[in-house]
1. For region 473-521, give me each residue that is under 18 Å from E612 (Cβ atoms) and modelled with pLDDT of 80 or more.
2. Check region 581-601 and report whether any residue there is among the β-branched types (V, I, T) and modelled with pLDDT of 90 or more.
3. Being under 27 Å from K597 (Cα atoms) and either touching a strand residue (DSSP E or B) at 6+ places or on another chain (Cβ under 9 Å) or aromatic (F, W, Y) (or both) narrows it down to one of L569, L562, so name that one.
4. Are any residues in region 369-414 surrounded by 21 or more Cβ atoms within 10 Å (Cβ to Cβ) and under 18 Å from M311 (Cβ atoms), and if so, which ones?
5. Inspect region 127-137 for any residue being more than 22 Å from L244 (Cα to Cα) and not in a helix (DSSP H, G or I) and give the result as yes or no.
6. Mind checking which strands (runs of 3 or more DSSP E) fall wholly inside region 1-111 and carry at least 1 residues that are modelled with pLDDT of 85 or more?
7. Identify all residues within region 168-199 that are surrounded by 20 or more Cβ atoms within 10 Å (Cβ to Cβ) and either within 18 Å of I70 (Cβ to Cβ) or not assigned by TED's automatic domain parsing to the domain that holds E232 (or both); write none if there are none.
8. Going by what's in this entry, would I174 be described as among the hydrophobic types (A, V, I, L, M, F, W, C), without any contact (Cβ under 8 Å) to a residue 24 or more places away in the chain and either in a loop (DSSP other than H, G, I, E, B) or on the phi > 0 side of the Ramachandran plot (or both)?
Amino acid sequence: MEHNSTFPIKQAELRSLREEATSYLKGVQWEQGFKAKSRDKNQKDESILLYLSKASGKGGAAVTSVSKTILALKKRLLPDSVAIPLHLNEALYALQEALTIGIWLKDSYSDASGLSSLRERKSALDPTQIREYDSKTHTATAFMLHGIAYRVLFELKPKASDDLSVLKNKFAGIPELSFMSPTKGIACMLFYYDKYLAHPEIVTSDRDVIDFTVVYFEAIIAEIQLRRNALEYTDNVTDRTFKLEDSEFAVSGWENTFEGTAKSVEFNKIKFEQIVGNRDAKHFARRLTERMLSYDFTAQKNPFQELGGFMPVFMGYGIPGTGKSMLIAAIATRLKEHCDQLDIPFLFHPMPDTLISTFQGGSAEKMVQWMKPLQDPTKLIFAPIDDAENNLQERTAQGVSAGVKEVIGVFLRYTEGAYAVNYGNSSVGLFTNLPEMLDKAVISRVQGRFKIDGARSIPDFVDQDYLWWNKIDKTMPGFVNMQNPQDYDFLSEQGLAKNLGEILKQSEKPTEERVLEIYEQTAAKHKDTEHLFYGALYKNIQKTFPFYSSRDIRNIQSAVSLRLTDFDLPEDWFENPELYFKKDYDTKYGMLQELMKGNMKGLNFSDIRRQEVVRYLDNVATIADTDFKRKVDQRVADMEVQLEARKRFDE
């Protein structure tokens, strides 16, 4: 899965191949295989299948010309005009460019794999070399077709309709796809593309041309993915990335980032007020949404990143039943509402449950497909991982599957490393009941963390009940014959906190025993030198918790920066987007700096630093101790059961 080096696809080199690409569109010859001709006539869309299987007439090769079919389509779709319909033109242009890039990729593979030199000596090859020549030709053809389909999707997927189900139902699949040689591969692919385009039921409007082209080339990629394990000599495909000059487009091996990325997943709409307790979590979630919405699409960066208040990876943790799933839905709801209001594309991209694969390398591949869309700078992306301990479990624990290790490897690479690109428009949220079971390296990537502890106070429990019985009261007024509290308005305690200071009043000293002991011993030695105190504190913590590292220090620094940017965006900015959201990047950055300066006047750096250090170290200790405590509690419970059983038995 590692792509070691990136090679440029130069525009100048493509120019010389464009003529060859265009010649394929003018005409290709293809003789259908026996299977494709005699397909089962009882399948869905019989007419289309019959149409495809009769396509090459009575034996022999048929000549197909995509450009002629396009002209016929033009007449059918825009009968009284000289112009080519817009989408038809876009599809044709995308296909021509894709063919050009495909041919370039095939040539590049041929040179790198030694196929070119085998071809030059073709007449003098021995049987082993002939087999190698054939295998490399098949791989070159498959990679070329993958590159063509991938480029078409890169160009057209953003322009296609959101719902392609109608066309997918009409589409009867690809009868065959040839890897025999590059010429045959292109001929076969264009032959069926052409037959479908010419079918009167497939394309009924200009918009259908792009939609169908996307459906067709998605099927081409799926077919190649199914057969690629049978290909040999693929190292020169998988060990490199090809990036098109002056473009975002890149081909990395067989990766297909367009799979399942375009759609936002459905979720239940939930307001923060409907979540009881969880002040810390609700506050964090609100700040996250405000920060993401500040992303600037033109500059492709977020002013909060420069101010130090953005978290590409965060974690919410707490015991079961405290509202993790509700919180995920509430963050998604809030982001979606604001995105709709501001006319911003939003992607809700939760990690699928089916990520861990039993095939070697399968989990890494699925994880790459899931992580890749997070690098799309054209939308806001919220990517929650619910029950994160399932897929990101401590790698050194007994019985952890190879799939989990692969997933963690990809996660680490994409969150900090060569592949980690964050424009400030996407955030991954880990939600877990068991933070102590998460892999240590994964936890160290977490830049913001909060507790999801559910109802904690009497008003919280009263409100939780109120949300339940109020529904009954609405349908049957008067049925709930109970007295309302005199001095409490329902849900009045469930509002959002003004700032973290309100929530964190208590954290002057650590609450975890081991951390408190280290804290007090260090403080006694370094009474007058605060900066030295923190250095010594970190060193002493590291002695007790060996996994504590420089990255933890960076995470504490991030937490302090978050506090400095812990201010509300004024309400009227949301009501009138022109005031802030629609401004250019530099103006937004300046406005936030002013708010930050105003906010800092009420803060004390030394207090904030102490609070955040204490909070973080408590967290480290909680996570380290919980696993041990849970095992002890389990053992104690077992012994109690045994003792009680013996007592009853003796009686």
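The values are calculated or read from the model by the stated rules, or taken from the named source; none is laboratory data. A quick note: this is a predicted structure, and the numbers were derived from the prediction, not measured. As a convention, Cβ positions derive from the backbone with ideal geometry for all residues, glycine included, and neighbour counts pool all protein chains shown.
1. Scanning region 473-521 gives K509, P510, T511, E512, V515, L516, I518, Y519.
2. yes
3. That would be L562, the only listed residue that is under 27 Å from K597 (Cα atoms) and either touching a strand residue (DSSP E or B) at 6+ places or on another chain (Cβ under 9 Å) or aromatic (F, W, Y) (or both).
4. Once the filter is applied, which keeps residues that are surrounded by 21 or more Cβ atoms within 10 Å (Cβ to Cβ) and under 18 Å from M311 (Cβ atoms), region 369-414 yields M371, L374, L380, I381, F382, P384, I385, A388, L392, F411, Y414.
5. no
6. Qualifying strands (runs of 3 or more DSSP E): 5-9, 28-30.
7. Once the filter is applied, which keeps residues that are surrounded by 20 or more Cβ atoms within 10 Å (Cβ to Cβ) and either within 18 Å of I70 (Cβ to Cβ) or not assigned by TED's automatic domain parsing to the domain that holds E232 (or both), region 168-199 yields I186, A187, M189, L190, F191, Y192, Y193, D194, K195, Y196, L197.
8. no
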